[in-house]
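Notes follow once the structure below has been shown.
The values are calculated or read from the model by the stated rules, or taken from the named source; none is laboratory data. On a predicted model such as this, the values are computed, not experimentally measured, just so you know. For neighbour counting, all protein chains shown are included, and Cβ atoms are generated from backbone atoms with ideal geometry for every residue, glycine included.
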C-alpha cells in the first residue's frame, strides 16, 4: 500500500493499514532540510518524534531515530506494535511525501507479455572509479532518470544519494528523494511480484527492483550471491523478465520469470517507482494494484 500527499503541510499524517514495517520517502527541491517521523500505533500509543534524515548541499545522513517500541533502521521504519499512521514532520516545504507498507494479496493481473521499453543502459562499474563496486542502486536510478528525460550519470547520482551515516548509495528513500529533486514524482513502494511490475510496464513506466539470491539460485546472475541488488525491469513475457542489470557486462539481459519473481518476492518486493509529476495519480493507483485503463 502506497500513500502519497502532494504539496503537504510541514506536519502531515498519512494513514495506512496496520503494519509493523514501512518506508517513508519524500520529494523536495530544498537544498537543505530534515525530517522526523511520529508513529501512531494500534494500541493508541504515539511515538516520540523519531529523527529520520538530514540533508544539505554537502551531504545526506540517515539518523536512525528510535524509542522503546519503534525504530528507524537507516531507511526502514520498524515497530514491535503495529501502527496505523505516520506523521511526517519537515523543516522545509516538500513537493510530496509518501508512506509505503507491505500488504498481502495478489496484484491486478497484468498481461503475460508487455512491450519492451527503451531504457538506456548504464553499468555500475566505471573506469574512473575502479574501487566502487556497489553502485547498482545509483546506476539503476540513473537509467530511470534518463528514460524520463533527465540528464544523469552514475557517478553524479552516487554522490547525490550517498548516505554519510550508512556509508553507501543504497538508501532507498535517498534515491527517491534524488529523483524527486530532479522534477519527477518518485517513491519507494512494496510491489507484489512480477505481475505487479508488469502493470507499470503496461503503463509505459519501467521500475527498479531489489532482489537477493544465494549461489546457484539465479541462473546467469552477474554475481555468485547478493544480499540486495537493483536492476531495472523493462519488459516481460510468459517465460522471461527483460532487465537492465548494471552488474552484467552488456547490462541488457533476461532472467527466467518464475525464478526472478520468487527472489523478488522473498526479498520484500521493494521497488523505485518514478513518473512525471502529472502522472502521480497513475503511479499511486498502479502501486496499489488498481487497473490502469489508459496509457
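Determine, yes or no, whether residue 48 is out of contact with any strand residue (DSSP E or B) (no Cβ under 7 Å at 6 or more places or on another chain), surrounded by fewer than 20 Cβ atoms within 10 Å (Cβ to Cβ) and free of Cβ contacts under 8 Å to residues at least 60 places away in the same chain. First the steps, then the outcome.
On the way: out of contact with any strand residue (DSSP E or B) (no Cβ under 7 Å at 6 or more places or on another chain): yes; surrounded by fewer than 20 Cβ atoms within 10 Å (Cβ to Cβ): yes; free of Cβ contacts under 8 Å to residues at least 60 places away in the same chain: yes.
Against the criterion (out of contact with any strand residue (DSSP E or B) (no Cβ under 7 Å at 6 or more places or on another chain), surrounded by fewer than 20 Cβ atoms within 10 Å (Cβ to Cβ) and free of Cβ contacts under 8 Å to residues at least 60 places away in the same chain), residue 48 qualifies.
For the stretch 238-247, which residues satisfy the criterion of being touching a strand residue (DSSP E or B) at 6+ places or on another chain (Cβ under 9 Å) and either surrounded by fewer than 17 Cβ atoms within 10 Å (Cβ to Cβ) or not in a strand (DSSP E or B) (or both)?
Quick first cut of the stretch 238-247, residues touching a strand residue (DSSP E or B) at 6+ places or on another chain (Cβ under 9 Å) only: 239-247.
Of everything in the stretch 238-247, those that are touching a strand residue (DSSP E or B) at 6+ places or on another chain (Cβ under 9 Å) and either surrounded by fewer than 17 Cβ atoms within 10 Å (Cβ to Cβ) or not in a strand (DSSP E or B) (or both) turn out to be 239, 240, 245, 246, 247.
Can residue 30 be described as over 17 Å from residue 104 (Cβ atoms) and touching a helix residue (DSSP H, G or I) at 6+ places or on another chain (Cβ under 9 Å)?
Judged against the criteria, residue 30 is a match.
Which members of the stretch 277-295 meet the condition of being closer than 10 Å to residue 204 by Cβ and at pLDDT 95 or above?
Selection gives 279, 282.
Find the residue count for the stretch 248-275, including only residues that are under 18 Å from the mean Cα position of the chain (by Cα) and buried (at least 17 other Cβ atoms within 10 Å of the Cβ). Walk me through it before giving the result.
Taking the stretch 248-275 as the starting set, the residues that turn out to be under 18 Å from the mean Cα position of the chain (by Cα) are 260-261, 263-275.
Next, from what is left, pick out any that are buried (at least 17 other Cβ atoms within 10 Å of the Cβ): 260-261, 263-264, 267-275.
Here the count works out to 13.
Would you check which residues across the stretch 216-244 are touching a residue at least 24 places away in the same chain (Cβ under 8 Å), under 21 Å from the mean Cα position of the chain (by Cα) and farther than 14 Å from residue 140 by Cβ and list them?
235, 236, 241, 242
Within the stretch 7-51, count every residue that is assigned to a loop (DSSP other than H, G, I, E, B), within 25 Å of residue 103 (Cα to Cα) and within 23 Å of the chain's Cα centre (by Cα).
Total satisfying the criteria: 1.
Determine if the stretch 133-149 includes at least one residue that is surrounded by fewer than 24 Cβ atoms within 10 Å (Cβ to Cβ), assigned to a loop (DSSP other than H, G, I, E, B) and at pLDDT 95 or above.
Yes, that holds for at least one residue.
Listed here are the residues, each with its yes/no results for (1) over 29 Å from residue 112 (Cα atoms); (2) modelled with pLDDT under 95; (3) in contact with a strand residue (DSSP E or B) (Cβ under 7 Å, 6 or more places away or on another chain); (4) surrounded by 22 or more Cβ atoms within 10 Å (Cβ to Cβ).
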| site | (1), (2), (3), (4) |
| --- | --- |
| 158 | yes, no, no, yes |
| 162 | yes, no, yes, no |
| 174 | yes, no, yes, yes |
| 182 | yes, no, no, no |
| 207 | no, no, yes, yes |
| 212 | no, no, yes, no |
| 227 | no, no, yes, no |
| 231 | no, no, yes, yes |
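When only residues in the stretch 51-67 that are without any contact (Cβ under 8 Å) to a residue 60 or more places away in the chain and loosely packed, with under 14 Cβ neighbours inside 10 Å count, which is nearest to residue 83 (Cα to Cα)? Don't jump to the end; show me each part of the working.
So in the stretch 51-67, the residues without any contact (Cβ under 8 Å) to a residue 60 or more places away in the chain come out as 51-52, 54, 56-58, 65-67.
Checking the rest, the ones that are also loosely packed, with under 14 Cβ neighbours inside 10 Å come to 56-58.
Details: 56: 30, 57: 33, 58: 34 Å.
Of everything passing the filter in the stretch 51-67, 56 is nearest to residue 83 (Cα to Cα).
Considering each residue of the stretch 103-132, count those that are at pLDDT below 95 and either surrounded by 14 or more Cβ atoms within 10 Å (Cβ to Cβ) or closer than 30 Å to residue 18 by Cα (or both), and give that number.
The qualifying residues number 13.
Does the stretch 81-91 contain any residue that is within 19 Å of residue 179 (Cα to Cα), at pLDDT 95 or above and touching a strand residue (DSSP E or B) at 6+ places or on another chain (Cβ under 7 Å)? Write out each step before concluding.
Taking the stretch 81-91 as the starting set, the residues that turn out to be within 19 Å of residue 179 (Cα to Cα) are 90.
So of that shortlist, the ones also at pLDDT 95 or above come out as 90.
From what is left, the residues that are touching a strand residue (DSSP E or B) at 6+ places or on another chain (Cβ under 7 Å) are 90.
For the stretch 81-91, residues within 19 Å of residue 179 (Cα to Cα), at pLDDT 95 or above and touching a strand residue (DSSP E or B) at 6+ places or on another chain (Cβ under 7 Å): present.
Can you name every residue in the stretch 159-180 that is assigned to a helix (DSSP H, G or I) and either under 21 Å from residue 212 (Cα atoms) or under 15 Å from the mean Cα position of the chain (by Cα) (or both)? Can you show your working first?
Our first condition is that a residue be assigned to a helix (DSSP H, G or I); within the stretch 159-180, this holds for 159-161, 172-180.
The answer is 161, 172, 173, 174, 175, 176, 177, 178, 179, 180.
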